[in-house]
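Engineer: Mind having a look at this structure? Questions to follow.
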Amino acid sequence: MPPLDEPHVELSPTVSDEIRRTTCYMCACRCGINVHLRDGLVRYIEGNKDHPVNRGVLCAKGSAGIMQHYSPARLMKPLKRVGPRGSGEFEEISWEEALTLATERLGKVRADDPKKLAFFTGRDQSQSFTSFWAQQFGTPNYAAHGGFCSVNMAAAGIYTMGGAFWEFGSPDWERTKMFMIFGVAEDHDSNPIKLGLSRLKERGAKIVGVNPVRTGYNAIADEWVGVTPGTDALFILSLVHELVKAGKVDLDYLLRYTNAPWLVVDNPGAPDDGMFARDQHGEPLVWSRKYDEAVPAKANRLGAAMKGVFTLNDGRNVRPVFHTLAEKYLDTQYAPENVAEATGVSAATIRRLAAELAYTAFEESIELDQPWTDVYGERHAKMIGRPVSFHAMRGISAHSNGFQTCRAIHVLQLLLGSVEVPGGFRFKPPYPKPMEGHPAPHGTLTDAGTLNGPHLGYPRGPESLLFEDDGSPTRIDKAYTWDAPMSAHGLMHMVISNAHAGDPYKIDTLFMYMANMAWNSSMNTRGVMEMLEDKDEDGEYKIPYIIYSDAYSSEMVAYSDLVLPDTTYLERHDCISLLDRPICEPEAAADAIRWPVVEPETQGYERDVRGFQSALCDLGARLGLPAFVKEDGSQKWADYADYIVNHERRPGVGPLAGWRGEDGDADGRGAPNPKQLEKYIENGGFWVGHVPEEAQFYKFANQHYQDWAVKIGLFDAPAPYTMQLYTETLAKFRNAARGHGERVPPQHLRERIIDTFDPLPIWYEPFEQAGVDNDEYPLHAITQRPAAMYHSWGSQNAWLRQIHGRNPLYVPGEVCDAHGLKDGDWAHVTSHHGQITVPVARMDAVNGKTLWTWNAIGKRKGAWALSDGAPEVTKGFLLNHLIHELLPPKGDGLRWANSDPITGQAAWYDLRVKIEKADGPLDAPLPDTGKQKSPVGKGPDEVRYGEEWT
Amino acid sequence: MTSLPQSTDRKLGLVIDLDICVGCHACVVACKEWNTGGYGAPLSDQDAYGDEPVGSWLNRVHTFEVTPRAEPGAKAVAPARVVHFPKSCLHCEDAPCVTVCPTGASFKRSDDGIVLVNEDWCIGCGLCAWACPYGAREMDGAEKVMKKCTLCVDRIYNENIPEEDRVPSCVRTCPAKARHFGDLADPDSDVSQMVAERGGYDLMPEQGTKPVNKYLPPRPKQDDLAEPINLAALAEPKATGFLGWLDDALTRIG
């Protein structure tokens, strides 16, 4: 018994009136959340324990969702610009007026030339819907943010093994014994990686972090490899060198499941050089060791030759992929001693890591007593596991050599036989799905006034590129042209620059959603702001009209002519769809919804906002887009929820897979169910369809998996495939650059395509590094996403901004010593393009040639309802000002994009700089980006959240 | 002056695993959002959107850079490391914050050892914050009362939430599972077992406060280990080189 004078404590207070379960949107991870409501307000948000993504946990961003939801930076009503662009001077207008303005403008564009609309959506989680809208409009100019995020990762994964990391798959956390994580600070994906790392620690598995900076996941890794930016492929291919040299590759796996034995034509100078030898049915050939002749690959997998030069009956010489691969990587250029200096990783470390990979994969292999049948009809008694796994993200992909670097990781995985096996890397449905399972790009206007198919796809070869009859690019971002032939996510980062330059053509309206392109989402930020403000001789803006939808008063809002205020994530319908980027796990297909757990009009005085997708349903109908009107011309989808439930992409297959059919008892395939959203809400906001036990591994070649995938509507027919160590698509583009075929690149791009489109992964020097004087710019500079802020870049969040309200430039100790810099000093940092002057902090746990800072902390004065003296303004800064969307001029008069030459991925992390001490402190970092007027005022002085309940 | 209980039957507290804390601040914010609408006054934020935002938090994560050296000033023996260190009230057995309190507002519960502030009696004098060697107490800027970790006393016994969720908010949310809650007086509890197995330690034991919370140290890193695996010893290619080995290996496959 407590003493009598001990105060009484209420141990069972009321928590909330009701719990509503929906999906988080504080970053891209799509965790399940329980939103506790009290008196109609959000009392508390916690992770949903039943949810497949986060299993109850929630990160700092997720828990700070309350402050995002009630942010003073929320837009309240539609806005029409009344001052100059960038000033932030607006008048509030009604939705009717806003939609009328948009309809008039876009109606004219559509009647005149639909491609004069450029519709780009940033961190959009409704891309299958927004792209459908753009197809219906008839513009070829649509993409989301993948081009400036991680398209290298996505595309390399699709072309190599039928999927990449993160949304495509994950390590087998329960079985893997050695895990290597490349180029990941604390971001994608957030909670699942933390849960996974924890599980690995619990199980005693080894974690190796490969990253120039030793924070976050790299700080807790058992081993940190502080690689020099842009050299990861050299490091990886050196591991490959060691493994091949030691014979530590999984030959059985390579023969059965990869194109290692496929025969490649060796015919220099001819149009078929580097292409696969195929039979009359198009089936790739291998060389039978038993019969000493070429046979179809499917017919003779284990008996195929892996080395040798053979002559086909038609006289052409051929060699197995593996022969070329082994010769290539056995070359001493990949020997550890020869890459150590460039990578900053010692030869001894590379050797040891190769040995550990080999030891773990082959000496510690695991077997599951799970029989299964492969698509070739062979029954296997067990599943054999190679318990090494990998994960990689933006640090690998955001380089001009990123596509090949990502390919290098996948080739390493395949050589170890560790893809889709126990303990290795596992795909999440609907992946694996190779290039052939995706559409090719589309860009042609049909007679119906719509586009001829989905904008974004995976090119098969030069025939997939998008050109007009006169040879000019179809798309404003020049995606799918010779500048970036395999730009599977488009090039959002080139849209403003190209539209401003009228290259390849002028547009009328730039329509964007959730993309802060006037700030942290653009390279050359100040230059982009000037492009948005720039006028032609007639006094008209060079980019004539900008419509933008956002929930908050961002920097981009100030540069918009018409602003459509979006809801917060707690007020909207969304579907995280199998047609798009679902929430699946390796063991299950899964999708999820958001729904209005609170209604916008109850969450702020006179607030009149609409979910962007619902606004598009209305706008689409007003414009008469075919799929958005009924036969009588009236609006077809009342709102986004109506579309989610009733739209069918293919018969029986719609945005949501759960509870289909009139009675709601069908999974995957079935007629629309009017009660579908209710069923999702009852179930916690998500649906899960478990992958059968026998289908859990080898999905790409597992008959049971293929049949299950067809049953639930992932595909319409089984689609097994062979993993591609060697990418023939690259060989096709390379042959075009050698002058073969009907479509060939312009002369100035040929050498670059020949050099970089190697069908086997290579390393080449990042373009900016190759184009500047490295003695003058001796350092690398990169950004990382902070765990507590990434993607919830809104510094208007009263809680998160106390954690990350400023971002010093972290400078390696040895660089500090050389330049006389200490904590709190200011420094000029200069690239070939520009200079910033910023506060610095010393750090030793970093690659000695690399400066870095947190991404997207700095804010423009007047944005986000912050005070003019907010630390985000006076101390926070963007590295973006140093990065140009174009490479340094080469003297040839051409504009060379600062992008990967294969996919067009923005090469953020190729940046080279120099540093010198500056007089400080300054009032704010330089350059000065001016000030915008806040259309929403400023936030309150004090927040006492929850006072009504305490 | 306020007295401490002679002893408590249970010693509820946290065990924090520094080997797995990635410094993500999930615990920090989950704590704030639970407690700002819970026990006592809200955890207010001053100048919330202004030049110098500052608020009260019951749990913070500090990040340190550590360079391993044989002795101070000596050359580094391994690359610098980053350690994330979450810190909140440690619910000390000999809590100086309680004994220093002039009003009896600070107290340690005799039942479970949780140290709390009875805000009705708190005069905001701040002596307890001075007395705490860990800096684990924060004066709320609006209410001018002392705020501190309650170990979510309004969750752990709360019959309005599911039994499995009756743990502190920081523990429930931690994505890396670096935080554990339990009775450190019970040698058989999971947390006590963890402390025994992993060499859990007291923060600043020389202060004599006998903290209940324990920290589990980071495990040795690769830099600290010897005896690497040698690929040459595993390698199969012998004198015939890689392509010769390939022939042998393919023959074995059939």
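The values are calculated or read from the model by the stated rules, or taken from the named source; none is laboratory data. Values in this document were obtained by computation on a predicted structure and should not be read as measured data. So basically every Cβ, Gly included, is an ideal-geometry build from the backbone, and we count neighbours across all protein chains shown.
Engineer: Given the criterion within 14 Å of chain B (Cβ to nearest Cβ) and in contact with a strand residue (DSSP E or B) (Cβ under 6 Å, 6 or more places away or on another chain), identify the matching residue among A:943, A:913.
Structural biologist: Working: A:913 fails: within 14 Å of chain B (Cβ to nearest Cβ).
Going through A:943, A:913 in turn, the sole match is A:943.
Engineer: Residues A:396, A:409, A:384, A:350: which one is of a type in the set (Val, Ile, Thr), under 29 Å from residue A:223 (Cα atoms) and assigned to a strand (DSSP E or B)?
Structural biologist: Within the list A:396, A:409, A:384, A:350, the selection yields A:384.
Engineer: Among the residues of the range A:22-41 satisfying the criterion of being in contact with a helix residue (DSSP H, G or I) (Cβ under 9 Å, 6 or more places away or on another chain) and surrounded by fewer than 23 Cβ atoms within 10 Å (Cβ to Cβ), which is nearest to the other protein chains (Cβ to nearest Cβ)?
Structural biologist: Restricting to residues being in contact with a helix residue (DSSP H, G or I) (Cβ under 9 Å, 6 or more places away or on another chain) and surrounded by fewer than 23 Cβ atoms within 10 Å (Cβ to Cβ), the top hit is A:38.
Engineer: Condition first: charged (D, E, K, R), at the interface with chain A (Cβ under 8 Å from one of its Cβ atoms) and buried (at least 17 other Cβ atoms within 10 Å of the Cβ). Now tell me which residues in the range B:144-164 satisfy that.
Structural biologist: B:154
Engineer: When the range A:706-719 is examined, which residues are found to be crowded, with 20+ Cβ neighbours inside 10 Å and in contact (Cβ under 8 Å) with a residue 24 or more places away in the chain?
Structural biologist: First, pick out the residues of the range A:706-719 that are crowded, with 20+ Cβ neighbours inside 10 Å: A:706, A:708-709, A:712-714.
Passing the criteria: A:706, A:709, A:712, A:713, A:714.
Engineer: While we're here: Inspect the range A:847-856 for any residue being over 30 Å from residue A:143 (Cα atoms), under 28 Å from the mean Cα position of the chain (by Cα), within 14 Å of chain B (Cβ to nearest Cβ) and surrounded by 19 or more Cβ atoms within 10 Å (Cβ to Cβ) and give the result as yes or no.
Structural biologist: Within the range A:847-856, one or more residues are over 30 Å from residue A:143 (Cα atoms), under 28 Å from the mean Cα position of the chain (by Cα), within 14 Å of chain B (Cβ to nearest Cβ) and surrounded by 19 or more Cβ atoms within 10 Å (Cβ to Cβ).
To keep it simple, each residue is scored yes or no on (1) in contact with a strand residue (DSSP E or B) (Cβ under 7 Å, 6 or more places away or on another chain); (2) surrounded by 24 or more Cβ atoms within 10 Å (Cβ to Cβ); (3) hydrophobic (A, V, I, L, M, F, W, C).
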{"site": "A:152", "(1), (2), (3)": "no, yes, no"}
{"site": "A:170", "(1), (2), (3)": "yes, no, no"}
{"site": "A:173", "(1), (2), (3)": "no, no, yes"}
{"site": "A:176", "(1), (2), (3)": "yes, yes, no"}
{"site": "A:187", "(1), (2), (3)": "no, yes, no"}
{"site": "A:197", "(1), (2), (3)": "yes, yes, yes"}
{"site": "A:203", "(1), (2), (3)": "no, no, no"}
{"site": "A:206", "(1), (2), (3)": "yes, no, no"}
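Engineer: Which fully enclosed strands (runs of 3 or more DSSP E) of the range A:818-878 have 3 or more residues being in contact with a His (Cβ under 9 Å, 6 or more places away or on another chain)?
Structural biologist: Of the strands (runs of 3 or more DSSP E) lying wholly inside the range A:818-878, those with at least 3 residues that are in contact with a His (Cβ under 9 Å, 6 or more places away or on another chain) span A:835-843, A:850-854.
Engineer: Go over the candidates A:315, A:344 one by one and state the one that is buried (at least 17 other Cβ atoms within 10 Å of the Cβ), of a type outside the set (Asp, Glu) and at positive phi.
Structural biologist: A:344
Engineer: For the range A:662-698, name all the residues that are touching a Gly at 6+ places or on another chain (Cβ under 6 Å), over 25 Å from residue A:432 (Cα atoms) and outside any loop (DSSP other than H, G, I, E, B).
Structural biologist: A:679
Engineer: Kindly provide the set of residues from the range B:46-74 that are within 13 Å of chain A (Cβ to nearest Cβ) and free of Cβ contacts under 8 Å to residues at least 24 places away in the same chain, ordered by number.
Structural biologist: Answer for the range B:46-74, where residues must be within 13 Å of chain A (Cβ to nearest Cβ) and free of Cβ contacts under 8 Å to residues at least 24 places away in the same chain: B:47, B:48, B:49, B:50, B:51, B:52, B:53, B:64, B:65, B:66, B:67, B:69.
Engineer: A further question follows. Being of a type in the set (A, V, I, L, M), surrounded by fewer than 18 Cβ atoms within 10 Å (Cβ to Cβ) and touching a residue at least 40 places away in the same chain (Cβ under 8 Å), is that true of even one residue in the range A:877-900?
Structural biologist: Yes, because at least one residue in the range A:877-900 is of a type in the set (A, V, I, L, M), surrounded by fewer than 18 Cβ atoms within 10 Å (Cβ to Cβ) and touching a residue at least 40 places away in the same chain (Cβ under 8 Å).
Engineer: Another question, then. Taking the range A:184-225 on its own, how many of its residues are under 17 Å from residue A:165 (Cβ atoms), in contact with a helix residue (DSSP H, G or I) (Cβ under 9 Å, 6 or more places away or on another chain) and either within 9 Å of another protein chain (Cβ to nearest Cβ) or at pLDDT 95 or above (or both)?
Structural biologist: Going through the range A:184-225 one residue at a time, the tally reaches 13.
Engineer: Would the range A:69-78 turn up any residue that is in a helix (DSSP H, G or I), more than 8 Å from chain B (Cβ to nearest Cβ) and closer than 27 Å to residue A:942 by Cα?
Structural biologist: yes
Engineer: Kindly indicate the residue of the range B:165-178 that is outside any helix (DSSP H, G or I) and among the charged types (D, E, K, R) and also farthest from the other protein chains (Cβ to nearest Cβ) among those meeting that condition.
Structural biologist: Only one residue fits best here, namely B:166.
Engineer: List, please: which pairs have Cβ atoms under 6 Å, are six or more places apart or on different chains, and start with a residue in the range B:210-222 that is more than 14 Å from chain A (Cβ to nearest Cβ) and buried (at least 21 other Cβ atoms within 10 Å of the Cβ) and end with one that is basic (Lys, Arg) and assigned to a loop (DSSP other than H, G, I, E, B)?
Structural biologist: B:212/B:11
For (1) within 25 Å of residue B:177 (Cβ to Cβ); (2) outside any loop (DSSP other than H, G, I, E, B); (3) of a type in the set (S, T, N, Q), each residue gets a yes or a no:
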residue: B:63; (1), (2), (3): yes, yes, yes
residue: B:72; (1), (2), (3): no, no, no
residue: B:79; (1), (2), (3): no, no, no
residue: B:85; (1), (2), (3): yes, yes, no
residue: B:90; (1), (2), (3): yes, no, no
residue: B:98; (1), (2), (3): no, yes, no
residue: B:110; (1), (2), (3): no, no, yes
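Residue-wise test of (1) part of a loop (DSSP other than H, G, I, E, B); (2) under 22 Å from the mean Cα position of the chain (by Cα); (3) within 26 Å of residue A:76 (Cα to Cα).
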| site | (1), (2), (3) |
| --- | --- |
| A:519 | yes, yes, yes |
| A:526 | no, no, no |
| A:530 | no, no, no |
| A:546 | no, no, yes |
| A:556 | no, yes, yes |
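Engineer: In the range A:807-835, what residues are in contact with a helix residue (DSSP H, G or I) (Cβ under 7 Å, 6 or more places away or on another chain) and surrounded by 24 or more Cβ atoms within 10 Å (Cβ to Cβ)?
Structural biologist: A:829, the sole residue that qualifies.
Engineer: Being of a type outside the set (Val, Ile, Thr), within 10 Å of chain A (Cβ to nearest Cβ) and either closer than 30 Å to residue A:222 by Cβ or surrounded by fewer than 18 Cβ atoms within 10 Å (Cβ to Cβ) (or both) is the filter here, so list the residues in the range B:79-109 that pass it.
Structural biologist: Within the range B:79-109, B:79, B:80, B:81, B:84, B:104 meet the criteria.
Engineer: Considering only the range A:277-291, state which residues are over 37 Å from the mean Cα position of the chain (by Cα), assigned to a loop (DSSP other than H, G, I, E, B) and either more than 22 Å from residue B:249 (Cβ to Cβ) or within 14 Å of chain B (Cβ to nearest Cβ) (or both).
Structural biologist: Across the range A:277-291, the qualifying residues are A:279, A:280, A:289, A:290.
Engineer: Of all residues in the range B:49-78, how many are surrounded by fewer than 14 Cβ atoms within 10 Å (Cβ to Cβ) and aliphatic (A, V, I, L, M)?
Structural biologist: 5
Engineer: I've got another one for you. Within the range A:729-757, track down each residue that is of a type in the set (D, E, K, R), closer than 24 Å to residue A:399 by Cα and surrounded by fewer than 20 Cβ atoms within 10 Å (Cβ to Cβ).
Structural biologist: A:750, A:751, A:752, A:755
Engineer: List every residue pair whose Cβ atoms lie under 7 Å apart, where the two residues are 6 or more positions apart in sequence or sit on different chains, the first residue falls within the range B:111-133 and is facing chain A (nearest Cβ under 10 Å), and the second residue, located anywhere, is of a type outside the set (A, V, I, L, M) and not in a loop (DSSP other than H, G, I, E, B).
Structural biologist: B:116/B:107; B:117/B:106; B:118/B:107
Engineer: Any residue at all in the range A:759-776 that is surrounded by fewer than 24 Cβ atoms within 10 Å (Cβ to Cβ) and either within 14 Å of another protein chain (Cβ to nearest Cβ) or within 26 Å of residue A:929 (Cα to Cα) (or both)?
Structural biologist: No, every residue in the range A:759-776 fails to be surrounded by fewer than 24 Cβ atoms within 10 Å (Cβ to Cβ) and either within 14 Å of another protein chain (Cβ to nearest Cβ) or within 26 Å of residue A:929 (Cα to Cα) (or both).
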